[in-house]
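The values are calculated or read from the model by the stated rules, or taken from the named source; none is laboratory data. The shown structure was predicted, so the numbers you read here are calculated from the model rather than taken from an experiment. Positions of Cβ are generated from backbone atoms using ideal geometry, with glycine treated the same way; all protein chains shown enter the neighbour counts.
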Amino acid sequence: MRVLVVTLSAVVAALTIGGGAALVGASQTELPGVVRDPAPSAAGLVFDDHAAGDDPVEADLVPGPGGITLVYFGYLSCPDMCPLTMSDLAQARQLVGPELADHTNVAFVTVDPARDEPEDLRRYLEHFFDDGFLALRAPDDAALEDAAETLGVRYELEDHAPGERYEVAHSAITYVVDDSGAVVRELPFGTTPEDYAQVIEAALAD
């Protein structure tokens, strides 16, 4: 498998921190992660939401008024980064308390829809992390590529024959989307639950 840390480092290095952009009550250096200027917009990116049942409903990444969505692109058979990040996000929602957690969505978007069946996605999130997490799949490959390009997600599936096992390389960024659809902050793999909680609190205070 490709070295994911190298991929992640390349993505982080490519991000441009906005000179004047900051969340309420905090400077760029007081909060973890980076802010891009101009901020990417997740508005208009549409997915199939499989968290509620077998029949998907159309979903986007833009939360309701006054809310935020923490978006992560990964895949079910990921051995380390994906489960660790989901666990940290689940802990962060507990740390901020039920009131702020109610305004904080977490969306897991698979970059490997050929193998990640809807039922498996739903069970994975519900059983191991949080039954409120969104299990999202792009409606087709083109939509997934569009979302990845828009947000700056990097992923690559190893060349393989039908039915053959293959590896997946992907960046491991958590995108914080506000109720206008703007990506207000991007957090790298390794962000602690406490740091996620700090960002959630700051973003919801904005």
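Values computed for the structure shown
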item: Residues (without any contact (Cβ under 8 Å) to a residue 60 or more places away in the chain and either among the charged types (D, E, K, R) or surrounded by fewer than 15 Cβ atoms within 10 Å (Cβ to Cβ) (or both)) located in the stretch 143-157; result: 145, 149
item: Where residue 63 falls short, out of the listed (1) assigned to a strand (DSSP E or B); (2) of a type outside the set (S, T, N, Q); (3) over 16 Å from residue 173 (Cα atoms); result: (1)
item: Residue within the stretch 180-192 that is buried (at least 18 other Cβ atoms within 10 Å of the Cβ), polar (S, T, N, Q) and at pLDDT 95 or above present; result: yes
item: Single residue of 131, 102, 112, 140 found to be of a type in the set (Asp, Glu), surrounded by 14 or more Cβ atoms within 10 Å (Cβ to Cβ) and on the phi < 0 side of the Ramachandran plot; result: 112
item: Leading residue by the ranking (farthest from the chain's Cα centre (by Cα)) among those in the stretch 160-206 that are more than 22 Å from residue 109 (Cβ to Cβ) and of a type in the set (S, T, N, Q); result: 198
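Condition check ((1) at pLDDT 95 or above; (2) in contact with a Lys or Arg (Cβ under 8 Å, 6 or more places away or on another chain); (3) aliphatic (A, V, I, L, M)) across all residues:
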| position | (1), (2), (3) |
| --- | --- |
| 3 | no, no, yes |
| 19 | no, no, no |
| 60 | no, no, no |
| 73 | yes, no, no |
| 97 | yes, no, no |
| 103 | yes, no, no |
